[in-house]
Amino acid sequence: MASPIALVAFLLVSAAALAQTAPLAVTHVTVIDATGGAPRPDVTVLVSDGRVAAVGREVPIPEKATVVQGAGKFLIPGLWDMHVHWDEERYLALFIANGVTGIRVMWGYPRQLDQRRRIAQGSLVGPRMAIAGTIIDGPKPWWPGSIAAGTPEEGREAVRRTQKDGYDYVKVYSGLPREVFFAIADEAKKLGIPFVGHVPDPVRVAEASDASMKSIEHLTGMALAVSGTETELRRELAAAAKLPAGERGERLRAVGKRILESYDAATAAALYAKLKANGTWQVPTFTVLRYGADPLAPEYANDPRLRYMPLWVRKMWNEDFRKRERTAAQAASQMRLFQRRLELVGEMHRAGVGILAGSDVLNPYCFPGFSLHDELEWLVKAGLPPMAALQAATRGPALFLGRAQESGTVEPGKLADLVLLDADPLQDIGNTRRIAAVVANGKLYSREAIDKMLAGIERLAGSN
Ligand SMILES: [Zn+2]
């Protein structure tokens, strides 16, 4: 078996060899541009200097252009996974191989700022990155390595540091006390850096939205927020938390059941209107929520995509704490909650709330690149039409990131991030997996090149 070093060299050489400087033309293709407009059959898309130069029936093809036959195929914008934790750089090509040309990193490290530079220069194969800073949590953080902010001043200092270190977003977490959360929101507004993450337990979704929280991850706080009796239920949750360990679980489950039963349509409608008006986006991350609900479901342990994961990741997923803790009865009730969450996202979409596709890569069975396609399927199951699901990974991320001028749709002038599909994703969203070629930052990756990248990564994963 080849050594890991040889394999890395192979991947780097492949990257250089694939660099596409000549213009590129995809001919006779059906373009689904993700503006929401109808598909445009039999057009030519010309790419030059890393941008879409022209889209149309009568596009002259330069003599030196590389021509990709698009007849019978479908061209969509490059996809974004808006909730990712991943910094193993030898595996970043998995995103490109899956048509994921952009990711939002939800807990950034300095090495990712460096990876982003090298990807932009073309010396590393990987997606574009928007990067949030270190998680800011309360005085007793859930994850080691988070910033512990127990006072408003510590919260403000964490925001200043996040921006100074070069990150694009502040990420807030569940354990933040109210006054620290609002201090963070205020400081972020002053400095002009958006903040995203979990709605902290003691804060209501409506308050977080009014404080300009830009995205809410994992639907945190939403089940309570659409209850007609949130105030009363919050009091009961606080009381349950003080019970001795033996009684606490059962009481919490009972309150949880009542949270679901006390849904109130008028409360929900008012909240959705607020989220829409304030520009607060939802990133449901169904892929990880589904795992968390039923971690012992048989499909996980046998997932064929495990072959692309390094040993340390396979080991971590295999030993995940959620597998040990979940009983069958809990899984059944958690799956009911999961179903409820699907319904809520369908409702929110119909009410005009912005929804973004994010899988939570690096959580168990959330695979770099591959799982974005799982997430698109969940969004359709939640009730989004396939076009809306597609937009949740293309136009939506561009709008969210403030990059709509140059990204998110297939239109002249946009950056050339494109995915060529063998079948129509509007007929079946699962067809986004049927990738014939990817164009990332203007560079073409043919199916053959993608298969070589995947084989290289499979060998790398198998060698450690
Ligand atoms: Zn996450």
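The values are calculated or read from the model by the stated rules, or taken from the named source; none is laboratory data. For clarity, every value in this text was computed on a predicted model and none was experimentally measured. When we count neighbours, we look across all protein chains shown, and the Cβ atoms used for this are built from the backbone with ideal geometry, even at glycine.
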### Query
Inside the range 352-408, can you point out the residues that are of a type in the set (Gly, Ala, Ser), under 12 Å from the mean Cα position of the chain (by Cα) and either in a loop (DSSP other than H, G, I, E, B) or within 23 Å of Asp320 (Cβ to Cβ) (or both)?
Ala357, Gly358, Ser359, Gly369, Ser371, Ala392, Ala393
### Task
Report the residue count in the range 72-127 for those that are among the hydroxyl-bearing types (Ser, Thr, Tyr) and either under 20 Å from Thr409 (Cβ atoms) or crowded, with 24+ Cβ neighbours inside 10 Å (or both).
1
### Message
Among the residues that make up the range 409-419, is at least one of them touching a helix residue (DSSP H, G or I) at 6+ places or on another chain (Cβ under 9 Å), buried (at least 18 other Cβ atoms within 10 Å of the Cβ), outside any loop (DSSP other than H, G, I, E, B) and in contact (Cβ under 8 Å) with a residue 12 or more places away in the chain?
### Response
yes
### Summary
All conditions in (1) without any contact (Cβ under 8 Å) to a residue 60 or more places away in the chain; (2) under 29 Å from the mean Cα position of the chain (by Cα) are true of Glu58 except (2)
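Here's the yes/no breakdown for (1) within 20 Å of Ala404 (Cα to Cα); (2) among the charged types (D, E, K, R); (3) modelled with pLDDT under 95:
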| position | (1), (2), (3) |
| --- | --- |
| Ile5 | no, no, yes |
| Val13 | no, no, yes |
| Ala25 | no, no, no |
| Asp42 | no, yes, no |
| Ser48 | yes, no, no |
| Val52 | yes, no, no |
| Glu58 | no, yes, yes |
### Query
Looking at Ala357, Ala388, Ala329, which one is modelled with pLDDT of 95 or more, among the aliphatic types (A, V, I, L, M) and farther than 23 Å from Ala132 by Cβ?
Ala388
### Query
What are the residue pairs meeting all of these: first residue in the range 190-218, first residue closer than 21 Å to Arg104 by Cα, second residue within 16 Å of the ligand (Cβ to nearest atom) and among the polar types (S, T, N, Q), Cβ atoms under 6 Å, and 6 or more apart or on different chains?
Val196/Ser215; His198/Ser174; His198/Thr220; Val199/Thr220; Pro200/Ser174; Ile216/Gln282; His218/Thr285
### Query
Which one is surrounded by the fewest Cβ atoms within 10 Å (Cβ to Cβ) among residues in the range 345-362 that are more than 16 Å from the ligand (Cβ to nearest atom) and within 19 Å of Met213 (Cα to Cα)?
Gly352
### Query
So, in the range 107-129, of the ones that are free of Cβ contacts under 8 Å to residues at least 24 places away in the same chain and over 29 Å from Trp142 (Cα atoms), which residue ends up farthest from the ligand (Cβ to nearest atom)?
Gln121
### Query
Do you know which residues across the range 192-246 are more than 25 Å from the chain's Cα centre (by Cα) and crowded, with 19+ Cβ neighbours inside 10 Å?
Ser227, Glu230
### Message
Quick check on the range 190-210. Is at least one of its residues under 26 Å from Met348 (Cα atoms), polar (S, T, N, Q) and in contact with a Leu (Cβ under 8 Å, 6 or more places away or on another chain)?
### Response
yes
### Task
Report yes if some residue within the range 321-340 is within 16 Å of the ligand (Cβ to nearest atom), in contact (Cβ under 8 Å) with a residue 40 or more places away in the chain and not in a helix (DSSP H, G or I); otherwise report no.
no
